Amino acid sequence: MGTLAEQILSRAASRPVRAGELVEVIADRCFVPDDTIALVMHHLKRAGITRLAAPERLGIFYDHFAPAETVASATIHAAGRRFATEQGIAHLFDVGDGISHQICVEKGLVRPGQLAFNADSHTTTLGAAGCFGTGLGATETAYVWATGLIWLRVPTTLRVILEGRLAPGLDAKDVCLTLLRELGTRAAVYRAIEYHGDGVAGLGMAARMTLCNMAVELGAKAAMVPPDAVTEAHFAVLGIARDESWPRIDPDAEYERTLRLDLGSLEPMVAGPHAVNRVSPINEVEAPRIDQAFLGTCTNGRIEDLRVAARILQGRRLAPGLRMIVTPASRAVHLAAMEEGLMRIFLDAGCVVTTSGCGACAGLHQGLLGEGEVCISSGSRNAPGRMGSRDAAIYLASPATVAASAVTGRLTDPRTLAPLLETMT
Amino acid sequence: MILSGTAVVIGDEVNSDLLYPARHMGIPDPAMQATHALTGLGPEWPGRVATHRVLVAGWNLGGGSAREEAVTALQGAGVRLVVARSFSRLFFRNCINNGLAAVACEALPALDTGATLTADLAEGWLDCAGARFAVPALPDSLLEILRHGGLLAQLRAAA
Ligand code: SF4
């Protein structure tokens, strides 16, 4: 059997494979977001490809700049729609449907044991559902669309054993930031990560998605949670039952390295500015004045994240002069937040709620930063210029920390604002 | 497969947001992309890259985003060889699959812009500033992709 990566890639290669081998694999799924669809179509055309190998396995997602911010973006959206129809591509999630990775897990577009690609680095998120998900560039995505195949090296695996429970006020984002602080941005390059232990068993699908999402910031090729009762419950709701294609933990699997992290010992963390591994406990950071708070992204834009933030914002107002943007990760998240009354809380507090999708995360629309501004974001990246001006500073933190900081106007430990939060599950 | 040229040198942890900011995605022509190459580091960088055939970087070149413009914009600017202490997986794949030679050399010394480098990807060595370093040779299947000028060019040739 081997590691989850070995199990899944063996099936995709139709032969038993081990870490280190270079293999040709068949993609179960291959997706493209709107920021890369133009390049993929361009490559296919230049390569003379008129028919795609397996359109039933493919999907397009309008998330990075939807609704379109420029004429060029709108033109790309229109061309993508035509292409999807001509080629019979199975899925086109249009403006407002949400972020690809969120939709993939939410709607069960991917399942445990599958090999899924997407022209986006945060495809590692899909590992929360026991799927080997990894990013590809546009050229190799076009190759998969043309042939159904691609080369891969079977990665070695880091096993990260999470123990215990997070204290109230902390969540999976604090785990990600702690790992980045301890391991840096290179520890998992070319490697897969598996999250094991009672600590991960106690986390829900949303928190697992956050963990697997930011594994790419550690450099990982894929990150997976072995399917368990939480996975089964998630897929049962979608009418999908466990079968023998789901990978399982093999006690004889060989891990390159095993790390342990006691969740109970963690504190709220913040990363930034300008580097994801510049991480400190929030109480050790010199707290600058904040101009924009951003709650959203494939890292932390789920209903669980919105609930946490709403509990802090309920009955409070944003700090004077601060704006807060709330961008649900998907239409389903947006609807749930409406039904639960969270949208009223956000609007009463003074927040802006935008169309679901990536929003301000990549600096493409819906909330850019001006020169010299400071942002606290629930996203995953903070390079200079990521959300607008190169002279702006971005801090990354959990949804609770984002909301607490939006209330005070400075980086704030969410545990200092009542009510204390239950651990996100 | 031997490549040679003078280098423009950048530092550690230059990620894909810095190599090619997301707002310039959607431009298919590498020559046009080149006007935005490395602009995450500052507006002067496209001009700096343009006069060299080799890009030299430190650890973890190209981390973060999957965007291949981080690679193809360099090609558009005339870069033919990228040497780094280490690469992110996506950047390395994007190099090979777009036909840009990439060499990882952990022992790479500190170099100044203008230094001459030569690499043989099939034999696995790198010459820089008079010193020779052994580097991992590329597997044949990846050399084949490079010889064709990229994965899609290889596919066209096979058709
Ligand atoms: S939310 Fe941000 S990190 Fe996630 S896919 Fe969109 S742009 Fe990328």
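The values are calculated or read from the model by the stated rules, or taken from the named source; none is laboratory data. Predicted model, so just to flag it, every value in this text is computed and none were measured. In this analysis, Cβ positions are derived from the backbone assuming ideal geometry, glycine residues included, and neighbour counts consider all displayed protein chains. For accessibility, only protein heavy atoms count, side chains too; no ligands or nucleic acids. Shrake-Rupley method; radii C 1.70, N 1.55, O 1.52, S 1.80 Å.
Numbers at a glance
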read-out	value
Any hit, region B:96-109, residues being at pLDDT below 95 and touching a Pro at 6+ places or on another chain (Cβ under 9 Å)	no
Pairs where the first residue, in region A:196-213, is on the phi > 0 side of the Ramachandran plot and the second is open to solvent by less than 10 Å² (accessible area, probe 1.4 Å), C-beta under 7 Å, 6+ apart	A:197/A:162
Among (1) of a type in the set (Phe, Trp, Tyr); (2) in contact with a helix residue (DSSP H, G or I) (Cβ under 6 Å, 6 or more places away or on another chain); (3) open to solvent by 10 Å² or more (accessible area, probe 1.4 Å) - the single one residue A:132 does not satisfy	(3)
Residue B:90, sole failed condition from (1) more than 14 Å from every other protein chain (Cβ to nearest Cβ); (2) within 20 Å of residue B:137 (Cα to Cα)	(1)
Any hit, region A:154-168, residues being within 22 Å of the chain's Cα centre (by Cα) and in a helix (DSSP H, G or I)	no
Those residues of region B:88-119 which are crowded, with 22+ Cβ neighbours inside 10 Å, of a type in the set (Gly, Ala, Ser) and touching a Cys at 6+ places or on another chain (Cβ under 7 Å), in sequence order	B:102
Candidates B:39, B:6 - the one that is in a loop (DSSP other than H, G, I, E, B) and either basic (Lys, Arg) or touching a residue at least 12 places away in the same chain (Cβ under 8 Å) (or both)	B:39
Close pairs (6 angstrom Cβ cut-off, 6 or more residues apart or separate chains): at the interface with chain B (Cβ under 7 Å from one of its Cβ atoms) in region A:128-148, charged (D, E, K, R) anywhere	A:135/A:120; A:137/B:68; A:138/B:68; A:139/B:68
Selected residue [in contact (Cβ under 8 Å) with a residue 12 or more places away in the chain, small (Gly, Ala, Ser) and touching a helix residue (DSSP H, G or I) at 6+ places or on another chain (Cβ under 6 Å)] from B:63, B:76, B:114	B:76
Residue in region B:66-85 that is within 8 Å of chain A (Cβ to nearest Cβ), touching a His at 6+ places or on another chain (Cβ under 9 Å), under 21 Å from residue A:134 (Cβ atoms) and not charged (D, E, K, R) present	yes
Hits in region A:97-127 - residues which are within 14 Å of the ligand (Cβ to nearest atom) and on the phi > 0 side of the Ramachandran plot	A:98
All strands (runs of 3 or more DSSP E) inside region A:285-391 with 2 or more residues being crowded, with 24+ Cβ neighbours inside 10 Å and within 16 Å of the ligand (Cβ to nearest atom)	A:292-295, A:374-377
Odd one out for residue A:210, checked against (1) within 15 Å of the chain's Cα centre (by Cα); (2) within 14 Å of chain B (Cβ to nearest Cβ)	(2)
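Listed here are the residues, each with its yes/no results for (1) more than 14 Å from every other protein chain (Cβ to nearest Cβ); (2) open to solvent by less than 30 Å² (accessible area, probe 1.4 Å); (3) not hydrophobic (A, V, I, L, M, F, W, C).
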site: A:57; (1), (2), (3): yes, no, yes
site: A:71; (1), (2), (3): no, no, no
site: A:84; (1), (2), (3): yes, yes, no
site: A:91; (1), (2), (3): yes, no, yes
site: A:102; (1), (2), (3): yes, yes, yes
site: A:110; (1), (2), (3): yes, yes, no
site: A:124; (1), (2), (3): no, yes, yes
